[in-house]
Amino acid sequence: MVFVVAAVLAGSATETRQAIEAELQVGEAATAARIIDDGGLQDPSVENILITRTGGGRLDTAEATRATDELTRRLGAVPEVESVAKSVPAENGAAVLLQVTMKGDFDTAGERVAPLQKVTTEVQGAHPDLLVEQAGSASINSQFDEWIGKDIAKATTISVPVTLIILVVAFGSLLMAAVPVLLALSAVLSVLGLWALASQVVPDPGMVPDIIVLMGMAVGVDYSLFYLRRYREERRAGRENVAAVEIAAATSGHAVLVSGVAAILSMGALYLAGDAVFAAISTGAILVIAVAMLASITVLPALLAKFGPRMMRPRRRWLRWLPDSNTSTRSPRLWNALLGPVLRHPVVALVLSVGALVALAVPAASTDLKSTQISDFPRSLSTMTTYDRVTENFPSSGNTIQVAAEIPSGDVAALRTRFDQLAERAQQDEAFRSGLAPQIRYSPDGRVGVLELNTPYKADSDQAHDAVDRLRDTIVPATVGGLSGAEVAVGGEAASDMDYTANLNEKLPWVVAAVLLLTFLVMLLAFRSVVIGLTTVFLNLLSAAASFGVLALVFQGTWAEGLLGFTSTGHVVSWVPMLLFVVLSGLSLDYHVFVVTRIREEVASGMTTRNAIASGITRTAGVVTSAAIVMVAVFSIFGTLSFIELKQIGVGLAVAIVLDATIIRVVVLPALMALLGQGNWWPGLHRRGAVPPQTSVESAAAEVSTSAR
């Protein structure tokens, strides 16, 4: 409690540092952003005020002029406004655009845009025949942040009672069900406080608190659930309270420690991506996994030692109708019915199940990755509908490509000459004939320059990407790139989109390899078995590939739009697959380690491998099913959110957990282990008479008891 309160207070006293735009970019686009930043040439925040006729059609010129004059006068007096440009009429006569440049830092403009929006709203009220709207990066991001904050809060609020209901059904006890939820919430709250401190070193790109909530509720509940179920099983077998806690520590506690360490190492592999977004997500996830794991192996056994007997009291009358898998020593009939054919015909079961998962994975080969742009924000935001009308009436105002150059010293005049040549050559290219002249700006000392070229194509379009390639490959090297000692880079929204996706494609194999290697090493050290390590890697790959296939199938097509409530962009968000793979590798180990630990325990006690598989899976079926249902419920709630990034994460995780807890855990794992037989434990239990650490429950519990004393 002291730790949780201290973490929350520390977070309250520290403002989370948000990542600036330049910190979120990679590759050449990041270099361009740095050069522009070094020269003090950052783009100011520009707000677009669009005036159209209510109901559509051509504008009344006189009335539109009165509105623009009033806007210009009133906005010019707002302290946050640097300048108001001359109004520009649309070619179709249906709209007038007024562009307002804001003072101050671009990245914090959203915090200062409210006075401008107030003026726009008041002018709208004074001209009812006109539609006066405002949209710009500041107003869009401000409304988006407010909207996504409410959406996340709603999802979190719903997930807590849903999780509690599931656990009440699983345990048949409100008190015992409340413990995992309270521990998970305390882990989330404390880590949100710690994240405010950590963000001073690793800035927040915006979604880290969401990941902390998502991961914290999932792993926090799972870890506690495994521990509590084993404790209650031992108590109902007649063991004294502290002895039951010791056995739970030696078995489930050991499984929690192994899966927690493996999950932390998996998330740590994201640092290899060389991306500020992944570094931040990795840091937040590692913090919440570590806190949840430590709470489960310290706070939880302390609670059980103190209050365990109260949790074991008979059920209240209104809960007696709920099922309880621990009230009978018989194995659940359903699981026997499912496992029987798998263990009798392991080859057939393995071929069919792996074949089905591979079939699901096939669409993953055609995954089309794209980073999220402002244009992908939901149209439920009023600023986005305005944004659409602005780009419809003024298509050339959409996408700007920047060429930035910095010379160490020397001939400043040469830099200006080369930039003029660059602007002239670029205008000869069809992609930059937008009707707007190129804009060139220089730093006060003249050593840094930036050329802004406007193109009518969307930033994520092939035409915009081709334009960036022509600049980088031909036009820039022949002009500014020829200056001796100059550092030159092409940036902007289209270049950033290209570079971000290219970086992910380059780093993904390294991240995947690191996750698989770390998973193998953790399993090898935990189970003293090379075979268990290799089968774990195989199952992780199979599960992730199948979930990627479903993700591409759902979000790159339109068939699921009505079902899931989204508008397909034809793409998967570029960073989602890498994040999903790493998160799934960590989460799936929760119950994989729990199940394999139980099977190994049965083998060490003298059972044959097939009997141990049947016993281990059926005896852990209830807790694994409960854990999977909790995770699927939490992830599904996030899958109902409107923002496409969170929706893809939620749906991808929910699908993967369903596949992992059913086909993988009920068919592939037992079939594979049945075929391998005693070879599963090579070189540990494979040797006759060898009993590795933590296989004997009694001896392990004795060790825990001795250490505790």
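The values are calculated or read from the model by the stated rules, or taken from the named source; none is laboratory data. Quantities reported herein were computed from a predicted structural model and do not represent experimental measurements. Positions of Cβ are generated from backbone atoms using ideal geometry, with glycine treated the same way; all protein chains shown enter the neighbour counts. Areas reflect the complete protein model, heavy atoms only, side chains present, ligands, DNA and RNA absent. Shrake-Rupley method; radii C 1.70, N 1.55, O 1.52, S 1.80 Å.
Over all pairs of different C-alpha atoms in the stretch 1-70, the reciprocal of the mean inverse distance, the Kirkwood hydrodynamic radius, equals 17.7 Å. If you look at the Cα atoms of the stretch 565-690, you get an Rg and a Dmax of 18.0, 60 Å. Solvent exposure of the stretch 533-633, expressed per residue, is 27 Å² of accessible area, with all protein chains present and a 1.4 angstrom probe.
If you average 1/r over every pair of different alpha-carbon atoms in the stretch 161-299 and take one over that average, what Kirkwood value in Å do you get? Write out the running numbers ahead of the final one.
On the way: mean 1/r = 0.0637 Å⁻¹.
The answer is 15.7 Å.
Note that the stretch 25-144 presents 46 Å² accessible area per residue, ligands and nucleic acids not counted, probe 1.4 Å. Counted over all Cα-Cα pairs of the stretch 171-213, pairs farther apart than 11 Å make up 69 percent. Each residue of the stretch 231-236 was assigned a 3J(HN,Hα) from its phi angle through the Karplus curve 6.51 cos²θ - 1.76 cosθ + 1.60 (θ = phi - 60°); the sequence is 4, 5, 4, 5, 5, 6 Hz, with glycine and proline shown as x.
Summarising the label geometry, the points placed 7 Å from Cα in the beta-carbon direction at E111 and K306 lie 4.0 nm from one another. Can you give the net charge of the other residues whose Cβ lies under 14 Å from the Cβ of L50, counting K and R as +1 and D and E as -1? That works out to -2. Taking a ≥ b ≥ c as the square roots of the Cα gyration tensor eigenvalues, with a/c under 1.5 meaning rounded and otherwise prolate when a/b beats b/c, else oblate, which class fits the stretch 446-598? Oblate is the answer for the stretch 446-598, as a/c is 1.5 or above yet b/c matches or exceeds a/b. Sorting the segments 87-96, 558-567 by their mean number of nearby beta carbons within 10 angstrom, highest to lowest, gives 87-96, 558-567.
When a 1.4 Å probe is rolled over the protein heavy atoms, the share of accessible surface on the chain that falls to carbon and sulfur comes to 60 percent.
Estimated at the nearest 10 Å², the accessible area of L360 is 60 Å² with a 1.4 Å probe. Can you give me the Kirkwood hydrodynamic radius for the stretch 45-120, using every pair of distinct Cα atoms, in Å to one decimal? So the Kirkwood estimate lands at 13.0 Å. How charged is the neighbourhood of L116? Take every other residue with its Cβ under 13 Å from the Cβ of L116, and add Lys/Arg as +1 and Asp/Glu as -1. Charge balance near L116 sits at -2. The angle between the Cα long axis of helix 137-171 and the longest principal axis of the Cα atoms of the chain comes to about 10 degrees, rounded to the nearest 10. Each residue of the stretch 448-456 was assigned a 3J(HN,Hα) from its phi angle through the Karplus curve 6.51 cos²θ - 1.76 cosθ + 1.60 (θ = phi - 60°); the sequence is 10, x, 9, 10, 10, 10, 9, 10, x Hz, with glycine and proline shown as x.
When every alpha-carbon pair in the stretch 157-237 is counted, what percent end up more than 14 Å apart? Counting every Cα pair in the stretch 157-237, those more than 14 Å apart make up 65 percent.
Under 5 Å between amide hydrogens, built in the peptide plane, is the criterion, and for Q439 it picks out E452 among residues at least 5 positions away or on other chains.
S588: net charge of surrounding residues, Cβ under 13 Å, Lys/Arg +1, Asp/Glu -1, itself excluded?
On the way: positive: R665; negative: D222, D590, D660.
Net charge in that neighbourhood comes out at -2.
Rounded to whole Å, give me the distance from the Cα center of the stretch 405-481 to that of the stretch 238-270. Rounded to whole Å, the Cα centres lie 58 Å apart. Relative to one another, the C-alpha centroids of the stretch 521-578 and the stretch 133-195 are positioned 24 Å apart. Using a cut-off of 26 Å between Cα atoms, the listed pairs K150/K647; K103/K154; K154/K370 include K103/K154; K154/K370 as exceeding that distance. Measuring r between the beta carbons of R66 and S375 and using R0 = 35 Å, the FRET efficiency lands at 0.65. Positive-end ranking of I644, G216, A64 along the dipole of the chain, with charges on Cβ about the Cα centre, is headed by G216. Computed extension length for S461-R425: 10.7 nm, one decimal, from 0.36 nm per residue of separation with the Cα-Cα distance subtracted. The equivalent ellipsoid of the chain has semi-axes of 56, 28, 23 Å, largest first, where each one is the square root of 5 times an eigenvalue of the Cα gyration tensor. Per residue, the convex hull spanned by the Cα atoms of the stretch 564-617 measures out at 116 cubic angstrom.
Please compute the per residue accessible area over the stretch 186-253 with all protein chains in place, 1.4 Å probe, rounded to a whole number of Å². Intermediate values should be presented prior to the final figure.
Details: 1640 Å² over 68 residues.
The answer is 24 Å² per residue.
Across the stretch 65-181, Cα-Cα pairs farther apart than 25 Å form 47% of the total.
Computed as a quarter of the hull surface, the mean projected area of the alpha carbon convex hull for the stretch 401-473 stands at 5.0 nm².
Averaged over residues, the count of other Cβ atoms within 10 Å places the peptides 66-73, 253-260 in the sequence 253-260, 66-73, highest first.
Annotation: the antiparallel percentage among DSSP beta bridges lying fully within the chain is about 90.
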